[in-house]
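*Asks:* Here you go, one structure.
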Amino acid sequence: MTPPDPRPSAPPALLPLYDVPPSFAGLYEEIADCPRCVLARERTRTVPGSGAAPCDLMFVGEGPGQREDELGLPFVGRSGQFLDELLGTIGRSRRDVYVTNVVKCRPPGNRDPQPDEIAACADHLDRQIAGVQPRVIATLGRFSMARWFPGERISQIHGRARTFDGLTVIPMYHPAAALRDGSLRAVMKQDFAQIPDLLTGTTGA
Ligand code: URA
């Protein structure tokens with residue numbers, strides 16, 4: 001059965017995040033019907049992404065949690081509140097960045113996304129990156145980090161940007177890690193503080 005549309009009951013502040021960039025309308029419909037992995041069985045809603053496309057700055061997290069699964073929007077729970085705070089520190093909002101995850105459906109019980117699930121969803125992320133054409137991607141957590149920095153440890157490389165064929169990628173801790181360990185809040189703020197210079201190309205990566 002199709003779940004009820006949550007939009008009328010969503011907090012008004014979230015309603016603009018439902019705006020689908022016209023270039024992504026077809027992709028979001030494909031994702032909504034995606035049967036490619038077991039996550040399709042238990043999802044309430046797919047969570048394709050939110051924000052502007054094209055735009056210069058993109059964030060890639062892990063996978064939707066319970067609130068995201070209910071609303072169909074990424075990072076709307078407590079991690080999302082901290083992400084909003086971090087965006088504010090660099091003068092950005094969710095309307096002028098693009099936010100998505102490596103998997104677009106909630107892993108049951110918020111377990112880690114599995115390699116086959118990430119692989120099944122990789123083409124969605126590829127198409128989002130191609131459509132957003134970001135100058136900078138910030139990875140949030142180890143699963144999105146592994147796409148560009150396989151085998152590396154987040155504690156060693158967070159905040160150290162690298163450029164891949166003109167695309168700068170900066171690995172960051174996941175906001176949820178900072179909610180568990182308060183000392184990471186300041187670390188994340190420091191790492192975020194590099195983003196403006198990476199966007200203008202002032203700092204080499
Ligand atoms: N954590 C994530 O990685 N993504 C979300 O969308 C929400 C929480």
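Any read-out appearing in this document is the output of simple, stated calculations on the displayed coordinates, not a laboratory observation. As the structure is a prediction and not an experimental result, all values here were calculated from the model. Note: ideal-geometry Cβ built from the backbone for every residue, glycine included; neighbour counts use all protein chains shown.
*Asks:* Scan (1) in contact (Cβ under 8 Å) with a residue 40 or more places away in the chain; (2) assigned to a helix (DSSP H, G or I); (3) of a type outside the set (D, E, K, R); (4) more than 16 Å from the ligand (Cβ to nearest atom) for the single condition residue 14 breaks and write down its number.
*Replies:* Among (1) in contact (Cβ under 8 Å) with a residue 40 or more places away in the chain; (2) assigned to a helix (DSSP H, G or I); (3) of a type outside the set (D, E, K, R); (4) more than 16 Å from the ligand (Cβ to nearest atom), residue 14 violates only (4).
*Asks:* Hey, another quick one. So which residues in region 128-164 are among the hydroxyl-bearing types (Ser, Thr, Tyr), over 16 Å from residue 178 (Cα atoms) and crowded, with 17+ Cβ neighbours inside 10 Å?
*Replies:* 144
*Asks:* Pick out the one residue from 135, 162 that is closer than 15 Å to residue 98 by Cα, of a type in the set (D, E, K, R) and in contact (Cβ under 8 Å) with a residue 12 or more places away in the chain.
*Replies:* 135
*Asks:* Related question: Name the residues in region 55-84 that are in contact with a Pro (Cβ under 9 Å, 6 or more places away or on another chain) and of a type in the set (Asp, Glu), would you?
*Replies:* 56, 62, 68, 70 - these are the residues of region 55-84 that are in contact with a Pro (Cβ under 9 Å, 6 or more places away or on another chain) and of a type in the set (Asp, Glu).
*Asks:* Ok, one more. Picking from 27, 87, 83, which residue would you name as being more than 15 Å from the chain's Cα centre (by Cα) and either more than 12 Å from the ligand (Cβ to nearest atom) or closer than 16 Å to residue 176 by Cα (or both)?
*Replies:* 27
*Asks:* Does residue 168 meet the test of being within 18 Å of the chain's Cα centre (by Cα), of a type in the set (S, T, N, Q) and in a strand (DSSP E or B)?
*Replies:* yes
*Asks:* Being within 9 Å of the ligand (Cβ to nearest atom) and not hydrophobic (A, V, I, L, M, F, W, C) is the filter here, so list the residues in region 50-65 that pass it.
*Replies:* 61, 62, 63, 64, 65
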